[in-house]
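Engineer: For reference, the structure I am asking about is given below.
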Amino acid sequence: MKEKQKGNPVLLAFLLGVILLMVMSAISPCSCGRSRTLAIRTACQSNLHQFDLALSAHCYPPVTNYPPDLSGLSSNDVCPELFVCPGSRNQAGALSNASEWMDYIYTRGLGPDTPAGVPVIICPFHEKDGGFNYLDSDRSTRWVKEPNTVVGMLEDLVQRGYEFHVSERVQRQFGGRIRSSENWGDTSSD
Ligand SMILES: [Zn+2]
C-alpha cells in the first residue's frame, strides 16, 4: 500500500499564505488606525488655524474684539464644514445658526490683545486619541495630552472668570460633562 507523502509543497505554500494574511490583517488595522487618528488631529488643527485667520480678519479697525459667537464671522472667511471636527462625524448645518450645532467650544470676550495662555477655541473630539486640540490666544494651535482634559481646561477657564459657549449638540454628545460656562455650576453638583 502506498503511503501519501507528508508535507505536500502546494498545501504548505497555501497554508503559509493563509497564516501570512492572518498576521498582516492583525497588524495593519492597528497602524492604519494610528495614522488615521493622527490625520484627523491634524485636519482639526487646520480648522483651528482657519478660524484664527478668520478671527484676525474680523478684527479690522474699528472692530477690536472677536465676535460674541463664531457664527458672527464673515462667510467670506469661514464655511459650515469648518465648524465640524473631522473626528466627530457630525454634519454641518447652516452658517447663520452655527453656534447651535458647532463642534468647537468658543471662549467669549477675547480679542487680538488678549495675553497668551487663554484657549480661544477648544475641540473635545479626540478622547480616543488621548488628548485634545485648542487654539491659544497667542494664535498657535496646540495638542494637549492626557492627563490634561477638556473638562480640566474649562474648569480652569471658569476659575479665571472667562465665559465659553458649548453647542447643545456637543453638550448632549458628552452627556453633560461639557457645558457652557453659565451652566458650569450644574456640572460640579452632579
Ligand atoms: Zn477636533
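Engineer: Per the Kirkwood definition applied to all pairs of different Cα atoms, how many angstroms is the hydrodynamic radius of the chain?
Structural biologist: Working: mean 1/r = 0.0527 Å⁻¹.
Computed over Cα pairs of the chain, the Kirkwood hydrodynamic radius comes out at 19.0 Å.
Engineer: Relative to the first principal axis of the alpha-carbon coordinates of the chain, what is the inclination of helix 9-58, with its axis defined by its Cα atoms, in degrees from 0 to 90 and to the nearest 10?
Structural biologist: The angle comes out near 10 degrees.
Engineer: Further, regarding this structure: To test your reading of the geometry: what angle, between 0 and 90 degrees and rounded to tens, separates the Cα axis of helix 150-159 from the longest principal axis of the chain?
Structural biologist: Orientation of helix 150-159: about 20 degrees from the principal axis.
Engineer: Could you list Phe51, Phe14 in order of exposure, starting from the residue whose Cβ has the fewest other Cβ atoms within 10 Å?
Structural biologist: Phe14, Phe51
Engineer: Can you list the residues, at least 5 places off or on another chain, whose amide H is less than 5 Å from the amide H of Ser180, using H built in the peptide plane?
Structural biologist: The list, which skips near neighbours in sequence, is Val166.
Engineer: Between the stretch 27-87 and the stretch 141-190, what's the alpha-carbon centroid distance in Å?
Structural biologist: Computed from Cα coordinates, the inter-centre distance equals 19 Å.
Quick note: the coordinates plus some simple rules give every number you see, no bench work behind them. These numbers come from a predicted model, not from an experiment. Every residue, glycine as well, gets a Cβ built from its backbone with ideal geometry; the counts of neighbours run over all protein chains shown.
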